[in-house]
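The values are calculated or read from the model by the stated rules, or taken from the named source; none is laboratory data. Source: prediction; values computed, not measured. Positions of Cβ are backbone-derived with ideal geometry, glycine not excepted, and every protein chain shown enters the neighbour counts. Ligands, DNA and RNA are stripped out before the accessible areas are found, and what is left, the full protein with its side chains, is counted by its heavy atoms. Shrake-Rupley method; radii C 1.70, N 1.55, O 1.52, S 1.80 Å.
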Amino acid sequence: VQLQAFGGGLVQAGGSLRLSCAASRTIHSSVVMGWYRQAPGKQREFVASIRSGRDPNYADSVQGRFTISRDNAKSTLYLQMNSLKPEDSAVYYCKANIESREYWGQGTQVTVSS
């Protein structure tokens, strides 16, 4: 499966962005999908994940500001980001865990200006 992330851009602090991650084929709702991010000079870090039947998981740094969701009919994962901060600036990647393999999207740049 191929994942394509898009929706990044430049936004002022306090603003919002919605990231999307489109899969090349249907992904079962039981598959864990998530968002990660990597800022320059830092390791890639977990942002949020989702799977059917369970509450979404969020990193403490984004809890209450970001919302992860998915549209299984469209095989698309979303990340609604509100109240953005300069420290949210990073390349955002989507990931799917399918049958013990990890599939990553190519990343989309999010830049938050102060």
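Key figures for this structure:
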read-out: Average Cα contact separation per residue, segment 7-61, under 8 Å, 6 or more apart, as relative contact order %; value: 23 percent
read-out: Sparse-neighbour loop sites [trypsin sites (Lys or Arg not before Pro); segment 1-95; at most 10 other C-beta within 10 Å; DSSP]; value: Arg25, Lys42, Arg54
read-out: Rounded percent of accessible protein surface that carbon and sulfur make up, the chain, 1.4 Å probe; value: 44 percent
read-out: GluC sites (Glu not before Pro) within segment 31-114: DSSP coil, no more than 11 neighbouring Cβ in 10 Å; value: Glu99
read-out: Centre separation in Å (Cα based) which lies between segment 16-46 and segment 47-92; value: 8 Å
read-out: Relative contact order (%) - the chain, alpha-carbon pairs under 8 angstrom, separation at least six; value: 37 percent
read-out: Heavy-atom accessible area per residue - segment 42-114, 1.4 Å, Å²; value: 56 Å²
read-out: Mean separation of Cα contacts under 8 Å (6+ apart) over length of segment 47-114, as relative contact order %; value: 22 percent
